[in-house]
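I'd like to ask you about the structure that follows.
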Amino acid sequence: MATIRKRGNSYQIRVSCGYDTLGNQVEHSMTWKPNPKMTEKQIQKELNKQAVMFEEACISGQISTVMKFQEFVEQWFEE
């Protein structure tokens with residue numbers, strides 16, 4: 001489930017994507033800035049839409065973490 005937080009005139013959308021091999025929680029976040037001409041109702045509707053799309057992208061694996069090659073090799077050998 002996405003968490004939405006207002007940050008000035010933009011919004012932070014944060015999604016939990018499970019846990020890594022060490023048991024640490026993996027979270028991804030993005031910032032969304034509404035068009036100044038949007039009404040409050042339009043902002044809430046578009047914000048919820050953006051949150052759902054971002055959460056689906058994270059769960060499907062389209063959003064991934066940046067990993068150093070050494071970390072990748074170590075993880076590959078462990079698994």
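Each reported figure results from applying straightforward, stated rules to the coordinates on display, with no laboratory input. Note that the coordinates shown come from a computational prediction; the quantities given were computed from them, not determined experimentally. In this analysis, Cβ positions are derived from the backbone assuming ideal geometry, glycine residues included, and neighbour counts consider all displayed protein chains.
On a straight-distance basis, which aspartates and glutamates could pair with residue 6 in a cross-link, Cα separation under 16 angstrom, same-chain partners fewer than 8 positions away excluded?
Excluding near neighbours in sequence, the set is 40, 46.
What residue among 12, 42, 50 shows peak mean-square fluctuation when the chain is described by a Gaussian network model with Cα springs under 10 Å?
42
May I ask for the angle, rounded to the nearest 10°, between helix 69-78 and the longest principal axis of the chain, with both axes built from Cα atoms and the value confined to 0 to 90°?
Relative to the chain, helix 69-78 is tipped by roughly 60 degrees.
To the nearest 20 debye, what is the magnitude of the charge dipole of the chain about its Cα centre, counting +1 on the Cβ of each Lys and Arg and -1 on the Cβ of each Asp and Glu? Mind dumping the intermediate values first?
Details: 10 positive and 10 negative charges, 180 e Å.
Roughly 860 debye, rounded to the nearest 20.
Once phi is turned into θ = phi - 60°, what whole-Hz ³J(HN,Hα) does the Karplus curve with 6.51, -1.76 and 1.60 give for every residue of segment 16-27, x standing for Gly and Pro?
8, 10, x, 10, 7, 5, 8, x, 8, 6, 9, 10
Another one. Taking amide hydrogens as modeled 1.01 Å from N in the peptide plane, which residues meet the under 5 Å criterion relative to residue 27, leaving out close sequence neighbours?
For residue 27, whose amide H was placed from the backbone, the distant partners under 5 Å are 17.
Something else: Pick from 27, 55, 40: which residue has the top mean-square fluctuation in a GNM of the chain where Cα pairs under 10 Å get a spring?
Comparing 27, 55, 40 in the GNM, the peak value goes to 40.
Expressed as cubic angstrom per residue, what is the convex hull volume of the alpha carbon set of segment 2-78? Numbers along the way, then the final one.
Numbers: hull volume 7.9 nm³, N = 77.
Convex hull of Cα atoms, per residue: 103 Å³.
Give me a comma-separated list of calculated 3J(HN,Hα) values for segment 5-15, in order, Karplus coefficients 6.51, -1.76, 1.60 applied at θ = phi - 60°, integers in Hz, x for any Gly or Pro.
9, 6, 10, x, 9, 10, 10, 9, 10, 10, 10
Given a 10 angstrom Cα cut-off, can you work out which residue in 41, 49, 33 is the most mobile in a GNM of the chain?
Checking each option, the largest mean-square fluctuation is seen for 41.
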